[in-house]
Amino acid sequence: MQRSRGQACNPGAVAGHLLFVASAEDLYQAHAVAVRAYALRRSSPADADDACAEVWAIVCRRPERVPEDAAPWLFGTARRVLANQRRGHRRLAALRERMARDVPADIDPPAIPGDHALAAALAALSPSDRELLMLIAWEELTPAQAAAALGLRTGTLAVRLHRARTRLSAELAGRPDSSHRTLTAAEAP
């Protein structure tokens, strides 16, 4: 219960709040085990715990909705919370399925106008090498920024970047149509 500075305390509000806290604790003590058992019979332990937490949060947010005979109301609330969880799980599974179906496993390298040798060399690299080099060279990220974008430590990225540059240089050197010479570390993307 919060009150502003200089505002008198309302004894009726404090008494009402204390009465609610006592009744909520009594309600919890009387029905928590039964509500959790109900949820466990209908879901996984983790989902049951989440559902119970939500049921008791609803009790705290809306104490006026709890009837005198609370058990049936608590079970009904738990049933609706579990139904919402199941719908959420189905939506998440459908979204994952759509994303897996809609996103190609291997993204084609971008077209590089006028430099077919570089485009072919990039296409020959692994997707992770290509992505790393493109983040550094084309997106103009610093190694620290690229590491953050890829979820890597900066030291790990430095090693991978060195190896990717080496592989790109080898690809470029092995192409007869390439006017590119082997890149030094300072010149590489």
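The residue that is nearest to ASP115 (Cα to Cα), among those in the stretch 158-189 that are modelled with pLDDT of 85 or more and hydroxyl-bearing (Ser, Thr, Tyr), is SER169.
Looking at the stretch 34-44, which of its residues are among the hydroxyl-bearing types (Ser, Thr, Tyr) and either open to solvent by 40 Å² or more (accessible area, probe 1.4 Å) or more than 31 Å from the chain's Cα centre (by Cα) (or both)?
Applying the first criterion (among the hydroxyl-bearing types (Ser, Thr, Tyr)) to the stretch 34-44 yields 38, 43-44.
Selection gives SER44 alone.
Test CYS60 against the criterion of being open to solvent by 70 Å² or more (accessible area, probe 1.4 Å) and in contact (Cβ under 8 Å) with a residue 24 or more places away in the chain, and give yes or no. So CYS60 passes the test. Going by the conditions given, is ALA48 modelled with pLDDT of 85 or more and exposed (fewer than 12 other Cβ atoms within 10 Å of the Cβ)? Answer is no for this residue.
Filtering the stretch 68-90 to residues that are more than 13 Å from ARG42 (Cα to Cα) and surrounded by 14 or more Cβ atoms within 10 Å (Cβ to Cβ) leaves ALA70, ALA71, TRP73, LEU74, THR77. Taken over the stretch 22-33, residues that are at pLDDT below 90 and open to solvent by 50 Å² or more (accessible area, probe 1.4 Å) amount to 3.
Could you say which residue among ARG5, ARG98, ARG80, ARG36 is over 30 Å from LEU125 (Cα atoms), out of contact with any His (no Cβ under 7 Å at 6 or more places or on another chain) and modelled with pLDDT under 90? Result of the check over ARG5, ARG98, ARG80, ARG36: ARG5.
The values are calculated or read from the model by the stated rules, or taken from the named source; none is laboratory data. Quick caveat, the model's predicted, so the values are computed rather than measured. Don't worry about glycine lacking a Cβ; one is built from the backbone with ideal geometry, like all the others, and counts go over all protein chains shown. We work out accessible area using only protein heavy atoms, side chains counted, and drop any ligands, DNA or RNA first. Shrake-Rupley method; radii C 1.70, N 1.55, O 1.52, S 1.80 Å.
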